[in-house]
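Trainee: First the structure, which I've put down as structure tokens, then a few questions once you've had a look.
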Amino acid sequence: MNHDVNQSVSRSLESLHLQALLAHTHPTILVHPKTDSIIFANEAAAKLLGRSIDELKSSRMSALHKGQVPSLVVFSQAALYHGFAWTRGLDLTRPDGTELKLEHEARAIILDDEEYLTVTISDLDARHRRDVDSEADDYLREGISEWRRAERFFREIERENQLILGAAGEGIYGVNSDGVTTFVNPAAERMLGWTAEELVGREIHSIIHHSHVDGEPYHAAQCPIYNAFREGIVRRVDDEVFWRSDGKPIRVEYTSTPIRDHGLVIGAVIVFRDITERKIAEEKLHIALAEVDRLRERLELENAYLQEEILSTNNHHEIIGQSDAIQGALKQIDLVAPTDANVLITGESGTGKELIARAIHQASTRSDRVLVRVNCAAIPHELFESEFFGHVRGAFTGAIRDRVGRFELADGGTLFLDEVGEIPLELQGKLLRVLQDQKFERIGEERTREVNVRLIAATNRDLKEEVRQGRFREDLYFRLNVFPIECRPLRERPDDIPPLAAHFLRNICQRLNIAQPTLTKGQVHVLQNYGWPGNARELENVIERAAILAHDGKLHFDLPDFSTSKKPPAPKPAPTPAPIKSILTREELRQSEYDNIIRALTETRGKIFGSNGAATLLDIKPTTLASRIKKFKIDRRDFAHDSKSIE
Ligand SMILES: Nc1ncnc2c1ncn2[C@@H]1O[C@H](COP(=O)(O)OP(=O)(O)OP(=O)(O)O)[C@@H](O)[C@H]1O
């Protein structure tokens, strides 16, 4: 029966183009449902089902789908009834044991009044694989476009980054973890003089950062830039140098920031700024400020010094005296003042040496600058050098700040070295050098400073003798003694005592704001008869004391017993006896008597009565002397050194 059907169908098939259907690339079989037989099968079906066409044609459907007859019948009936049916309920095992998951699509056809089914079989596993592949393909296609979009996006960012790097005023370059340059922005190229091509791909430290500013090699191991990626920390450096391509250094401040990729440091980006100009300006400012500081300190010192001076000198620049000695000194002052010659003023203490020094300075072209006085006797031995030349901070223990020395302070003015004989021998050489070269160094400083100082020295020592004794350098002595001025002791110039006493009295009363007492001739006489070991200073002090203690406008002098004073002055030269005139006028007689009484009262300190009284000396009666004293309006108390001497 199967054979008959086959024969009749095969005849009809050609006319119905069934052949074309079966030649379809999809696995297709022609089934005669009534007989459960497979009439035809195409190559694709044979391949899928793992059997030859002939094997299939001799098979029954139910044999292919063993154990699935109910499903097969339902499927066939549905197809015959509806004309079309499909199912995934029919599986099949190939002869090689491979299990196939299949989808069957059946279409009913009528051939010679017989119902047939063309069954197209799909391999569901293969379709699934295709679906997966197709999905993967879609993903891939989508991925590529996404990637292109991202690429465009990143290219855009990169372009923007390049624009930013290009526009940045700071120099920016990158290095990888081997220290090799990865990029350089235009500002960095400009500042360094190297092009990006010259730097990229090369180890940048050895090109721009190889040495310190002083030329000392800068090892990459110490370089903070490299440390940034070695240690993974940001490094900021305020002042270092990068070397330009022309070999010149530029001072830079920079920040080196590590670059991380997934937590791994892969290099660093360095942002730097050329601070050469700023540093130069800062340094200039620093120098200017230091100069301002120095000048301020100097002004402060000058000011303090001048304040001191005002207090101490009290404007006593007026030199009083009519003696030849004083007149001679005044002439010498006039002569030497306009020159820059060194002056050595000698004389006992209080004879007016400083007064003369000041007068010289005042009359010199330097009078608009300061006269700086250094009392060499008052400086501790170890501080001499610092006092003269100054020191810098830290030069020795206790030198907590820079100090301007007296030489510097006197620059442009006059330096008055009082008691010059007290300068220690070891410093005399240095002093000599300054006097010769006008150059010196502060203690603790290499820098040589120049000054323009005029020197006036004073001493109450016999410097020649000091030289002889080896206590004073001869060369220094000659250097100081260019123009010597001698101040004679007051006792050798009694003529100066009256004007000096009047001068001191006037000044003191003005200063103390007290009424000025009268200075009588008798008092002047007393003053002239004293030896003045302390010279004018002592006279000034005596007058001051007397002015303060004056009663009823009357002065009382309290002079020590000159004969017992510690340092006896040179004996007062005997007053030159006046040439004896044979005939004296009445007035001359009167004056002579007056002088005689004054001398006697001076001798007896105002005592009239008794064997040591003035009356005995004069060989007149005490009562006569008393009336004479009254007539001459002499105040006996002027001659008394203490109240006891007056009866
Ligand atoms: N000829 C004078 N005219 C006016 N005042 C004088 C005269 N000589 C000295 N004096 C005054 O006497 C005082 C002492 O003078 P000065 O200080 O100049 O002496 P000196 O020789 O420098 O003393 P020393 O050696 O102790 O430093 C000062 O007040 C000064 O003004």
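Every number in this text was worked out from the coordinates using simple rules, so none of it is lab data. Bear in mind that the values here come from a model prediction, so they are computed numbers and not experimental data. Cβ: placed from backbone, ideal geometry, glycine included. Neighbour counts: every protein chain shown.
Trainee: Taking neighbour counts of Cβ atoms within 10 Å as a proxy for exposure, in what order, fewest first, do I280, I208 appear?
Mentor: Fewest to most other Cβ atoms nearby, the residues stand as I280, I208.
Trainee: Now for a separate question. How much net charge surrounds D340 when only the other residues with a Cβ under 14 Å from the Cβ of D340 are counted, with Lys and Arg +1 and Asp and Glu -1?
Mentor: Residues close to D340 contribute a combined charge of +3.
Trainee: Subtract the Cα-Cα distance of D178 and R298 from 0.36 nm times their separation in residues, and report this length gain in nm to one decimal.
Mentor: Full extension from D178 to R298 adds 37.5 nm.
Trainee: Further, regarding this structure: Taking 2.2 N^0.38 Å as the expected size of a compact globular protein, what ratio does the Cα radius of gyration of the range 409-491 give against it, to two decimals?
Mentor: Here the answer is 1.18, to two decimals.
Trainee: Once phi is turned into θ = phi - 60°, what whole-Hz ³J(HN,Hα) does the Karplus curve with 6.51, -1.76 and 1.60 give for every residue of the range 118-126, x standing for Gly and Pro?
Mentor: 8, 10, 9, 10, 10, 7, 5, 4, 5
Trainee: Can you pull the Rg over Rh of the range 314-488, Cα-only, Kirkwood?
Mentor: 0.98
Trainee: Sticking with this structure for a sec: On alpha carbon coordinates alone, what is the Rg over Rh value for the range 429-550, Rh being the Kirkwood radius?
Mentor: Answer for the range 429-550: 1.18.
Trainee: What is the fewest-to-most order of W243, W147, W86 by other Cβ atoms lying within 10 Å of their Cβ?
Mentor: On the way: W243 19, W147 10, W86 16.
So the ranking, lowest neighbour count to highest, is W147, W86, W243.
Trainee: Using DSSP, restrict attention to beta bridges with both residues in the chain and report what percent are antiparallel, rounded to the nearest 5.
Mentor: Close to 75 percent.
Trainee: Moving to a separate point now. Fully extended, how many nm does the chain gain between K34 and R129 (0.36 nm per residue separation, minus their Cα-Cα distance)?
Mentor: On the way: separation 95, 0.36 × 95 = 34.20 nm, distance 3.54 nm.
Stretched out fully, the K34 to R129 stretch lengthens by 30.7 nm.
Trainee: On to the next question. With θ set to phi - 60° and the Karplus curve 6.51 cos²θ - 1.76 cosθ + 1.60, what are the ³J(HN,Hα) couplings of the range 62-78 in order, to the nearest whole Hz, using x for Gly and Pro?
Mentor: 5, 6, 5, 10, 4, x, 10, 4, x, 5, 5, 5, 4, 4, 5, 4, 5
Trainee: Here is a further query. Any idea what log10 I(q)/I(0) is at q = 0.10 Å⁻¹ for the chain, Debye with uniform C-alpha scatterers and no solvent?
Mentor: -1.01
Trainee: Considering amide H positions built from the backbone, and no H for Pro or chain starts, which residues 5 or more places from R373, or on another chain, come under 5 Å of its amide H?
Mentor: F416
Trainee: Of H212, H556, H525, how do they rank once you tally other Cβ atoms within 10 Å and put the fewest first?
Mentor: H212, H556, H525
Trainee: Another question, if that's okay. State, as an integer percentage, the relative contact order of the chain based on alpha-carbon contacts under 8 Å between residues 6 or more apart.
Mentor: 7 percent
Trainee: A further question on this structure: What is the set of long-range amide H partners of I485 at a cut-off below 5 Å, with H atoms built 1.01 Å from backbone N?
Mentor: Amide H neighbours of I485: L344, I345, T346.
Trainee: Let me spell out the model: positive unit charges on the Cβ of Lys and Arg, negative unit charges on the Cβ of Asp and Glu, origin at the Cα centre of the chain. What dipole size does that give, in debye rounded to 20?
Mentor: The dipole magnitude comes to about 4900 debye.
Trainee: Please compute P(r) over all alpha-carbon pairs of the range 158-306, binned at 5 Å starting from zero, and give each bin as a whole-number percent.
Mentor: Histogramming the range 158-306 at 5 Å steps yields 2, 9, 15, 19, 17, 10, 6, 5, 4, 4, 3, 2, 1, 1, 0 percent.
Trainee: May I ask for the Rg/Rh ratio of the range 491-564, computed from Cα atoms with Rh as the Kirkwood radius, given to two decimals?
Mentor: Result for the range 491-564 is an Rg/Rh of 0.94.
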